[in-house]
Structure formats: C-alpha cells, structure tokens
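Take a look at the structure below.
Computed from the coordinates by the stated procedures, all read-outs in this text should not be read as laboratory data. All values reported here derive from a predicted model rather than from experimental measurement. Ideal geometry is used to build each Cβ from the backbone, glycine not excepted, and the neighbour counts take in all protein chains shown.
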2 protein chains.
Amino acid sequence: MTSPMSSIAVDALRAQVSAHVLQFVQRQAEQLHQISPELGPWAQALISLLRQGKRLRPAFAVWGWQAVAGAHALQAVHEQVVAACASLELLQACALLHDDVMDASALRRGQPTVHRRWQAVHEQHGWQGNSAHFGEAAAILLGDLALGWTDQMYFSSGLDAPTLLRGKPALDAMRAEVSAGQYLDVLAQSRGETDLRAIETVLIYKSAKYTVERPLHLGALLADAAPAVMEAFTGYGVALGQAFQLRDDLLGVFGDSEVTGKPAGDDLREGKRTLLVATALQRAQPAQRLVLQDALGCAELDADLLHQARQVLRTTGAVASVEQRITALHQQALQALHTQSATLDPSAVQALEQLAQAATQRHH
Amino acid sequence: MTSPMSSIAVDALRAQVSAHVLQFVQRQAEQLHQISPELGPWAQALISLLRQGKRLRPAFAVWGWQAVAGAHALQAVHEQVVAACASLELLQACALLHDDVMDASALRRGQPTVHRRWQAVHEQHGWQGNSAHFGEAAAILLGDLALGWTDQMYFSSGLDAPTLLRGKPALDAMRAEVSAGQYLDVLAQSRGETDLRAIETVLIYKSAKYTVERPLHLGALLADAAPAVMEAFTGYGVALGQAFQLRDDLLGVFGDSEVTGKPAGDDLREGKRTLLVATALQRAQPAQRLVLQDALGCAELDADLLHQARQVLRTTGAVASVEQRITALHQQALQALHTQSATLDPSAVQALEQLAQAATQRHH
C-alpha cells in the first residue's frame, strides 16, 4: 500500500484504525494484568503484532460505510464506525497467529513469530515438556483471545444496537468463511491440488470475501445500504480480493525479502498450491515440471533452485497469465463499482479506486 | 451428572440445549456444504463432538436466568434463553478442540480426537507434508469456526437486542478468561509449578469462572439481576467451580477409564500440576516424591507406577485434603446461594443445589 496513488485520506484512516485497536487491546491487557502479571508479556505479543499491518479490512469496511452514508455523515458517527471496523484487525491477528502455527513459520512481518518466541523462552528456562508444543499453545490461545475480542470490540464501538446488529451478519460470515477457506486451503496444499476450480474456491473464500467483499458489506450494512449496493460491492470485492491474493502469490515467489519481511521464495518452500503454480504445472514440459516439483515444499530451497523455479514460472507463461488475470479482475472490480457510482459518495468511490490500484500493484 | 439427585428438570434442560446447538450447527453446516462438499466431514466432526457433553455451562446459565426471572416467566422467553445459553457449548467445543491439540490427546469422550482422525485421513491418502500438522490444522480451524459461531448463535436466539447486549459482557469475560486461564495453566505445567497460589489462580480462571460463575452471570444479566444477586452468584460460582475442577482432578488420577472415556491416570501421564499433586509433593517424604516425579509426565506410565503414585497421593493425605476442600467449597457455594434465596425462584435454587451436588460428587 505504498503506491503514490494512496491518498492522504487512506493514510489518515489507517492511523485512526491503529489507534482504536491498540487502545482497545491495551485496556483489555490491563485487566488481564490484574488476573496475573504473567499475562503481561503474552498480551504484549498481541499488541506488537497489531502495531503493524496494512489495515486493509477496516479500510474497505469504512469506505464501504462512507460510500453509502456520504462524506457529510456526522464526524462522531464516523469515529464510531472506524472503531467498529477496526475490530477486524483482531480477527486478522487470530488468523495470522494460527496460520503461523499451522505453517510452522519462523517470521511474521520481519519478526520471529509468537510460537517461535515462546518456544525460545521455554528453551532458555529449561522448562518441562516440549518447547515447540509450549510455543504453539501460547500462540493458539493468543489467537483465541484475539478472536474472542473481535466482536467485543465491535460492540463497544459506541454505535447503537440496531446499527451494530444490522452489520453483524457480515462479521459472522467473515469469521466462518475464513476458517472454512483456510481449511480448504490446507486440504488443497496437502493434496497437491491442481484443479483450478478448487484453487479458485480457496481464493474466493479465504481471500476475496474475507479481505474485501465482507468488510465492504459490513460497512455498507452499518449504513443500511440498498441491495443493489451490496451486489455491486460483491462484484467489486470478489474480483478485487482475488486480484489482491494473486498479487500476493506473485510476491510470495518473486518478492524482495527485505520488502516483504519473509524469506525469498517462501511460498515455494511451503509448497503452496497457488493459481500461479497450478498454471505453470499445467503448461510445463516434463523437465520444467521436475524443477517445480523439486522446489515445491523443499525446506532447503537454495538460491539456485529458487532461480530455476522462477524461470519455469516465467517461461511457461504462468507469470504473464496471472498478471493478465490481475489486470482483468482489477477492471472487473472497477466496472462493478461503477454500476452504482451515481448513488455512492464520490470521495469514497475514489478511495475504493485507489485501494484497488494499491492492492493490485503493491510490492509487499 | 448421573447423581440420583439430578432432577427431571435438569435432564430435560440438557436435552433442550442439545437440540438447540445441534440445530444451529446443522443449519450452518448446510451453508458450508454450498461452499464446497469437502467441508461436510469437517463440519460433521464438530456436530459429533457436540452430540455429547454435560451441558453444564448452559445449565448454569439457564438456572441463573430462571432464579431471577422466576418459574412463571413466559415459556417463549424461556426457549429463547435456552437457545442463547446453548451457544456456550460452541465456546466449549473450541476449548476442547484446541486443548486436545495442545495436549496432543488421543481420545476425547472415548473417541479419537479430531486432530488424530484428520492425521489418519492424511496418512491413509498418502498426502503431501506432515500428517500430524495436517490433523492439527484441521482441529485448530474447526475450533476457530466454533468460537466464531458462539456469539452468532447467541445473537440468533430470538431474544431482543437490549436483553442480548445486557448479557454479552458475561460472554466476553468468559472467552477472555478461559484463554488467559488456559495460558496460565500451560505455563504452570511447563514450569512444574508448586506454588499453591499460582495453581489456585488457574483453578479460578480456567475452571471456576468459566464453568460456573460467568454462565450464571450470563443468565442473571439476561434477567436483569440486581447487583446483590450477581455477587451471590460469584460466591456460589467461584466456590462450586473450584470444587468441580478438584473433583475432575481426582477423577483424572483415580477415575475408571470406562466411565471417564480417558485412559486411567491420564492427568499424571500429562504431568498436570493440580492442587492434588502440588499438595502431595509438599507433604511427601523423599522416596514418595521420587515416585510422584517419576509418574508425572511419564508417557509410558504403566499400571504398577500408576498404582504406586496413587498410593503416594493417598498416604500423604493429599487425597483427603482435596476431598475436604471439595466439601468445604460445596458448603461455601450453598451458603453464598442462600444469602439471596429469599429473592430467588425456589425451583431454580433447588436446581442449583442439585447441580452443586452432582458436580462435586460425580464419577465422570
């Protein structure tokens, strides 16, 4: 989200979201401290995780709200909407914590993951039992804590009860769909899924609906949007969300590790069955397929094999195909948005256009 | 909960709770099926888990409500309250699923745990990657799904918004306290905690508040209870909840595996630092301490060592001490309840007395 197109409004919103979610968690952490000071470092790990992030989901939710409510909605209500939508960062924190355990990831946003840090504490103290299990337990429970806080923060935003209950089905759908989408993803990875439709289902549920469509719906419902607007947001969200993830898939293989905060080629090392990889496998010559299969899930993936695998992804045309798909989905998203742009707040439409561009053309 | 004192009313309530939670999850599972048929067996695993259980938390919540609302509250409202309180079974399902992953447990309620069953599926198909990791991911995500469904079910109970929002802080406290309590428990186990105060904190937060006090508060808040009633329920709940867990601790070492559904002496095998164990370690002679330390966390705990460890727990007086503590806490719970019994519905008070007896004198 460092595109030069990012407006000051998008940056300001991100800062507001950060302030709200950190304030909520710090207040809760103080209550935990009263139970036991031992809970301090654990809650602090969640706060550290929440200090970073693109705030994409809250941003889509707030712009979804403003698109319907208009730029002239009361400032006080805007602040409450930002607080309600900022709660999505807690759901995302749970997803990250549990993902890192499931993927056995060492790094997150350039820092050691929570399960690894707690494993190290266990090792340093020479405590009883398995250090890795201890680290995983700490991270699983911290994710549960964050997930439980999601709707608590949502309901403490100051919005009135009818408004909150109107938005809640979008939050409910988000939580269920991201768990289900993640499960389908884990299943696809394990099977070495090559069926493009199965991969697309994961893309839609784990990424597109979770990252864009449902957040937009949440904001739109808070503003009591008409069904036609909800539909336009589905069109925009499902297309843009897929494009966003496809960009992520490209960055997961070709991204600069200093910018992404993850080791280079990490997606290949983890054996991720992305559309990029599935497309390349379909088009590959036998020798090319062998290179890719060697690289996929190879824990000791070195610079040479990574280079070869990247070459295969390029020369099979898989990279170009995914880039074209991103462009097409980006256009599709804008078209869906524009079917309703006459009824929507112009500054919100502009922000959604900018978010679409930033999400599909980012470098991390 | 098979005490002869269990009334027909308690049994009938349990059946109602089961019907509500199964109906909710079956409806949600149908929606998941529409995303992908692959989600069917996964959602079914949650349904299977939910088919069993003592329904203790919903029972305390409903009796908490009835104690305040009275036996003559509208039947329709009673039904909605049962539906709202039945959602606590989903929170409990998450706790069980994640607990089993963290403890690497093989069995739950006499059946193979979800992570073990999914591990076996992975092995049978010869899928890629680590089978154990796959099983854990499936169980972690299923727990997340259940946790997310908790407040969705609560809010879909049919109760009006002001009532639901009045009860919600109890639900919020339950979720945060059980995660925090579990974390403190994992920490205590790893450290081989012997400090009785640290063990008591775990007992109160992980068990007493989560199982009894907060559910009672939830029901009482739904009925708009006076502060004095909330206080009485804290007194009853924190005391009874501790007694309940202390009984669990005794059953975890001395329970009949055919009745508990867990291998005999499982708590010793897992190295659990219960009040029972900490008391025995404090009182043990050097030779007795060696026996206990050998048994604690011993994966290959055999019948002979189990027998010896049980003898140490008895001869040090730890068993008698814990039994006395259960009796004292049981009395304390009843006294706290009776400070308010003049203002509470008599049939609910009777049910709470019966629940107290059943929880402290059960065999599984």
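Side notes on the structure shown:
- Taking only the C-alpha atoms of chain A, Rg followed by Dmax gives 20.9, 65 Å.
- For the peptide B:133-140, the mean number of other protein chain Cβ atoms found within 10 angstrom of a residue's Cβ is 6.
- Mean separation of Cα contacts under 8 Å, 6 or more apart, over the residue count of region B:160-211: relative contact order %: 46
- For residue A:139, net neighbour charge (Lys/Arg +1, Asp/Glu -1) across residues whose Cβ lies under 14 Å away: -4
- Against the empirical curve 2.2 N^0.38 Å, the C-alpha radius of gyration of region A:178-317 lands at a ratio of 1.18.
- Cα gyration tensor of region A:253-364 - equivalent ellipsoid semi-axes, whole Å, descending: 35, 16, 9
- Value of relative contact order over chain B, rounded to a whole percent, pairs C-alpha under 8 Å and six or more apart: 22
- Pseudo-label separations to other copies for residue A:290 - Cα-to-Cβ vector, 7 Å, nm: 6.2
- Electrostatic dipole magnitude of chain B [Cβ: Lys, Arg +1; Asp, Glu -1; Cα centre; debye, to 20]: 360
- MRE, 222 nm, helices only [DSSP H, n ≥ 4, -39500 (n - 2.57), over chain A, to nearest 500]: -24500 deg cm²/dmol
- Within a Gaussian network of chain A (alpha carbon springs, distance under 10 Å), most fluctuating of A:75, A:293, A:282: A:75
- In Hz, Karplus ³J(HN,Hα) per residue of region B:51-67 (6.51, -1.76, 1.60; θ = phi - 60°; x = Gly, Pro): 5, 10, x, 7, 6, 4, 5, x, 4, 4, 5, 5, 5, x, 5, 5, 4
- Cα-Cα separations in the protein assembly as shown greater than 45 Å, expressed as whole percent: 24
- Per-copy distances of the residue B:15 label point, shortest first, in nm (7 angstrom along Cα→Cβ): 6.3
- Between region A:34-83 and region A:120-178, the Cα center-to-center distance that results, in Å: 14
- Pair residue A:132, residue B:195: separation of 7 Å Cα→Cβ label points (nm): 3.1
- Residue of A:112, A:37, A:215 that the Gaussian network model of chain A assigns the largest fluctuation, springs spanning Cα pairs under 10 Å: A:37
- Summed side-chain charge close to residue B:171 - residues other than residue B:171 whose Cβ falls under 12 Å, Lys, Arg +1, Asp, Glu -1: +1
- Taking every residue in A:106-118 and counting other chain Cβ atoms within 10 Å of its Cβ, the average works out to 0.
- Considering only B:123, B:231, B:89, the mean-square fluctuation computed in a Gaussian network model of chain B, springs between alpha carbons under 10 angstrom, is largest for B:123.
- Residues A:177, A:258, B:193, arranged from fewest to most other Cβ atoms within 10 angstrom of their Cβ, appear as A:258, B:193, A:177.
- Pairs of Lys in the protein assembly as shown closer than 28 Å at Cα, counting only those 8 or more apart or on different chains: 27
- Take each residue of peptide B:200-207, count the partner chain Cβ atoms within 10 Å of its Cβ, and average: the result is 1.
- Net charge, residue B:191 excluded, C-beta distance under 12 Å - Lys, Arg +1, Asp, Glu -1: -3
- Per-copy distances of the residue A:74 label point, shortest first, in nm (7 angstrom along Cα→Cβ): 3.1
- When both region B:306-362 and region A:309-334 are represented by their alpha-carbon centers, they are found 66 Å apart.
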